[in-house]
Structures are given as structure tokens and as C-alpha cells.
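Input: a single structure, listed below in C-alpha cells.
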């Protein structure tokens, strides 16, 4: 594998600049492959994230492989190759000669890469500075010469920076920064679980399976990328809940952030008012709302007039729309007060 040793500070600066770009993770991944190309001189390469929930490693960026190799890279069998190669337990670049088993036992190499004309390769684990294993960058060449130890050392030193550039958690942290008064928060995952959000504590009401988290995941599943509503807590208090998802298609298993902040101005609306607005926003007809709240029809109409007056709206529909915009309502599943 032929190689070129650029200035490590210059290369690090180039990679750091990629991290500051307002671009999606696949675009950043493509830029990273371009940045390390002068170091490895690869003929084909791919950068993958390892999804801890479904145990697949979808490629963020890929270039130079024939169709047969592409199909294997997209198959579940690839994870078995990675486990057999031991690269999921490594923290340093692994060359073909570093494999713990003969290359012929690795299906990707023996049945696809070598028959396609590739002679060597290197796998670089992407581990964040805080120790999270994100995935790996793999590069292959048609030559049989492997990378030198010095170049492997250079790549090992750059690995945390490379991982930072394509870390989905950085996207989540950026989203959370939009809510400047947040007091707690978590990252919601595709499977309905949660991950800690750097810089903010968690909260018991944001535990997996909790009503608030289920509401948030439903919003994300519906394609909503910015939703605000209230969560009631004892005694007679509220937390403002903000759900934020990325505008880009989700990458990996992280779906969005769920944040708690002070409730802000409730505009004179009572708990029952907030509940009624939430039911209307959920599409409940008036008769169903009246039945659920054990109210006669005229009492519900009186409540709607009160909501309209408090929000300064001309019509009831306008009042409900304004409450939705302000996030001043209680979704039906959250109308009962939660423990403080």
C-alpha cells in the first residue's frame, strides 16, 4: 500500500475544519475520505457507523468497490466478518497482516475483495474521545504493500478526531443547544430507549417507557422535527417539553432529543384548559372530550370560550392553533399529573 506522509498538524486542521461544516453526516464522511486519501492512497474505501441497536453498520460514505463487494458490505454477513477479524475490539488500525485469523477465513476478503483485485487493506476503528465505539473507516488498495507503523500511528492519533466529525451525538448536542434554558434532557433512540445527552442531566420522567418519552417518539415517528408541549408534575406544576429531530434523514439509531425546561407563561390557562387544547390537537371530537372530562356540552363550550379569551384569539380554532405554536397544551396521554 503506497503512502504519503502529509504534515500531521495540517491534516488535523483539515479534519477539524470538516467538523465545523454545516453539513449532514454523509457529506462529512465523504469529506473525511477525501482528506485521508493522501495518507493511505486507497483505491476503495468506506466509512461505517456501527448501530448498537440493530447490530448493522450502514455506510456513511463509500467509493471504489465493484457491485459484488457492495452487496456484501450491505449484508448482515459483514458484521460476522468484522467480529471474526477482531476489529470491533481494537483501538488501533488493523492491516491485513495484523488479522488474528488467516485472511482466507474472512469471507469479505476471500470471496469478494481479493477476487476483485484488491491486494491489501486497513481498518481504522473510530472511537470518540470519551471512549464510545462509533464504527470504522476501511480502505483497500490493489497493491500488496501495507501501511508503515509510522502511518498507522498517525491514523491512530487522528481516530478520535475522525470519530468526532461523524459522531451522531454531536448532531444531537447541536440540536439541544437551541433550548438555552433546558434543565434536563435525553437522546431518544429508534428502539424507544434513551442515551445520555452531554451537558445535561437526565430525568426520571424521561426514562424508557415513560409517557413523556412515548409521546416524544410518536412525534419523531410522525416526522415532526420541532414540537413543544407541557408535562404536568406534582404539586400543580409543569415542565415544558421540547422534542427536536434532525432535518436530515436519521443516521444510526439516534432519533432526536427530548428536553425539559421551565414552563414559562401559561397565559392564564387552567389544567383543564390545557387538557382540552391537547385533545383538540389530537383530533378528538367535542363529544368525546366532553365524555372523557364528564362535562355537559355547554360547559365544554364555555371552556373553549375561556381559552379563546385568554389567548387573545378571534376564534376557537385560532386559539387552538396559537396554543399549539406556543406549546401550551397537554397531550392526552399526559393529562394526568406525574410524580415530581
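Overview of results
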read-out	value
Fewest-first ranking of 171, 143, using other Cβ atoms within 10 Å as the exposure measure	143, 171
Segment residue 286-residue 107, extension gain: residue separation times 0.36 nm, minus the distance between their alpha carbons	58.2 nm
In degrees, nearest ten, helix 149-165 long axis to first principal axis of the chain (Cα)	10
Ranked 301, 126, 99, criterion: other C-beta atoms within 10 Å, fewest first	301, 99, 126
Residue-averaged [θ]222 nm for the chain, counting only DSSP H segments that reach four residues, each worth -39500 (n - 2.57)	-11000 deg cm²/dmol
Ranked list, fewest to most other Cβ atoms within 10 Å of each Cβ, for 186, 27, 179	27, 179, 186
Degrees between helix 271-281 axis and first principal axis of the chain (Cα, 0 to 90, nearest 10)	60
Cα-projected label distance for residue 315 with residue 116, points at 7 Å along beta-carbon direction, nm	5.9
Label corresponding to log10 I(q)/I(0) by the Debye sum over Cα atoms at q = 0.06, 0.07, 0.11, 0.12 Å⁻¹ when calculated from the structure given, among (1) -0.21, -0.29, -0.75, -0.91; (2) -0.28, -0.37, -0.77, -0.86; (3) -0.32, -0.42, -0.77, -0.85	(3)
Separation of alpha-carbon centers, region 120-134 and region 261-310, rounded to whole Å	52
Point-to-point label distance, residue 214-residue 265, nm (Cα→Cβ direction, 7 Å offset)	3.4
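Rule-based calculations on the coordinates, nothing more; no lab input. Source: prediction; values computed, not measured. For neighbour counting, all protein chains shown are included, and Cβ atoms are generated from backbone atoms with ideal geometry for every residue, glycine included.
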